[in-house]
Amino acid sequence: MTKRNVGFDGLDLPPTALAAVAELGYEEPTPVQEQAIPAILAGRDVMAAAQTGTGKTAAFLLPALGGLGRVGRGEGPRMLVVTPTRELAQQIQEVARVVCAHTHQRATSIVGGVSYEPQREALKRGCDLLVATPGRLLDLMGTGDCDLGGVEVLVLDEADRMLDMGFLPDMHRIVAACPSKRQTLLFSATLSEDVLKNTRDLVHDPVRVEIAPKGTTAETIEQYVLGVSAEAKKRVLVEVLRREGAERVIIFSRGKHRADHLCRILRKKGFSAAPIHGNRSQNQRARALAQFASGEVGVLVATDVLARGIDISEVAYVVNVDVPHESESYIHRIGRTGRAGEHGWALMFVDAGEQEDLRAIERLMGKAIATYPRADGLDVGEHPATLEAGRMRDDQIPGKRPRRRRRRRCPTAH
């Protein structure tokens, strides 16, 4: 294992990659970069797990691109990165543009939600690096516009998220279209048993890199929980935004229609808010992110499509209006704040039907979440959830399906 704090100069990266490092403004490699880069340079397959916001994109782009040649017109790709969402593809493409400017290679992205023709034309021109979402990639493979026969390096990014989204069959079809002799790099927020079971046949004798254990949250994030009645959530959300500020805030909700509904309510109350979820077009999602980054929009109301891998700096705080069914989704949601050493905080509303989901999250993290200290005067409804101090006891927490059934029996705010 590489010694810590060796600096990028000590990782044996080629000069072109080091020039990209300087332009990107990186000073010291993150732990996942420090451990994955030497293995990738050595040609090994890698399975790496690290929290979001830890530099996984650069960890595979910097060493892999430097070892590839340049393709001619109509050729390529030599390196393929498969990622589950359009936002992740865009983020990877932005880093790739900087690296490729120094390696003199071409990077192309193909994602759903936009026209096919520009993507076909880009593939005809040839590309060294292709960043793709599974559905659009398979479409263009099916029409003969994309040939993966020359892939030397395959990256499966956010592998656990792709499994959660049902992309396992697509992943196998894509892998089968690549040469059997290749380098495969699998990056994930976690290397859970589910990930290991479903991907072990995609890699060969991999080096495993695990930076943070499952359930680890950044130390820069203060976490709070507030018991409310289901019908009071919207009212409490408005008051919290008025008290705590409505700039650089991300709100997570359960479901696309609920996100739209909350956004409409916030706009009526005078807040600048924009929704982000799977029913929004690529242009709408990109515009919302750009408006948030510029300060034109102060609040993003999102589903879990925004919870993974989107690098938005200086998010003041995160509000979970609904407790996520998947405990690990909570980790990814609050990870949108407190990034790169910044301070952040997160608040989660919990109604009576969500208490078991709360306990599952706390069990995953190994600690209870503190009660929101500024709740005085908030109208939390007639029957708010009671968050007892002893909820971290060792009795069995029901599985996800029983918890969902119980939640459906409880009233919810829509």
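No value in this document is a laboratory result; all are computed from the given coordinates. Since the structure is predicted, the reported quantities are computational estimates derived from the model, not experimental observations. As a convention, Cβ positions derive from the backbone with ideal geometry for all residues, glycine included, and neighbour counts pool all protein chains shown.
Would you work out the charge dipole size for region 8-210 about its Cα centre, treating the Cβ of every Lys and Arg as +1 and the Cβ of every Asp and Glu as -1, and quote it to the nearest 20 debye? Working shown, then result.
Numbers: 19 positive and 27 negative charges, 134 e Å.
The dipole of region 8-210 has a size of about 640 debye.
With the highest mean first, a sort of the peptides 8-16, 63-71 on other beta-carbon atoms found within 10 angstrom per residue produces 63-71, 8-16.
Using the Cα atoms as the points, what is the convex hull volume per residue of region 137-234 in Å³? List each step's numbers first, then the result.
On the way: hull volume 18.1 nm³, N = 98.
So the per-residue Cα hull volume is 185 Å³.
A dipole drawn for region 8-210 from +1 and -1 charges on Cβ atoms has a positive end, and of Met47, Met162, Thr133 the residue lying farthest that way is Thr133. Within straight-line reach of Lys124, meaning a Cα separation under 18 Å, sit the following aspartates and glutamates at least 8 residues removed in sequence or on another chain: Glu75, Asp139, Asp145, Asp147.
At 222 nm, what value in deg cm²/dmol follows for the chain if DSSP H runs of at least 4 each add -39500 (n - 2.57) and the sum is divided by all its residues, to the nearest 500? Present the calculation step by step, with values, prior to reporting the outcome.
Working: 15 runs with 159 residues, N = 414.
It lands at -11500 deg cm²/dmol.
Rg/Rh for region 263-359: what does it come to with C-alpha atoms and Rh from Kirkwood?
Working: Rg = 13.7 Å, Rh = 14.3 Å.
The Rg/Rh ratio comes out at 0.96.
Quickly rank 366-374, 323-331, 284-292 as a protection proxy: mean count of other C-beta atoms within 10 Å, highest first. Write out the running numbers ahead of the final one.
On the way: 366-374: 13.8, 323-331: 22.0, 284-292: 18.1.
Highest to lowest by the protection proxy: 323-331, 284-292, 366-374.
When restricted to Cα atoms, region 48-107 yields an Rg and a Dmax of 12.1, 38 Å, respectively.
Ordered by packing density, taken as the mean number of other Cβ atoms within 10 Å over each peptide's residues, highest first, how do 138-151, 342-355, 162-175 rank? Mind showing how you got there, number by number?
Numbers: 138-151: 15.2, 342-355: 21.7, 162-175: 17.4.
Result, highest mean first: 342-355, 162-175, 138-151.
With a threshold of 31 Å on the Cα-Cα distance, the over-threshold entries among Lys197/Lys367; Lys56/Lys269; Lys56/Lys181; Lys234/Lys367 are Lys56/Lys269.
Assuming charge only on the beta carbon of Lys and Arg (+1) and of Asp and Glu (-1), the dipole of the chain about its Cα centre is about 1220 debye to the nearest 20.
Rounded to whole Å and ordered largest first, report the semi-axes of the equivalent ellipsoid of region 193-305 derived from its Cα gyration tensor (root of 5λ).
Numbers: eigenvalues 220, 72, 45 Å².
Working through the eigenvalues yields semi-axes of 33, 19, 15 Å.
The charge dipole of region 152-265, taken about its Cα centre with unit charges on the Cβ atoms of Lys, Arg (+1), Asp and Glu (-1) only, comes to about 520 debye. Size descriptors for region 8-210: radius of gyration and Dmax over Cα atoms are 15.6, 45 Å.
A viscosity of 1.002 mPa s and a temperature of 20 °C, combined with the Kirkwood radius over C-alpha pairs in the Stokes-Einstein formula, give the chain a diffusion coefficient of 96 µm²/s.
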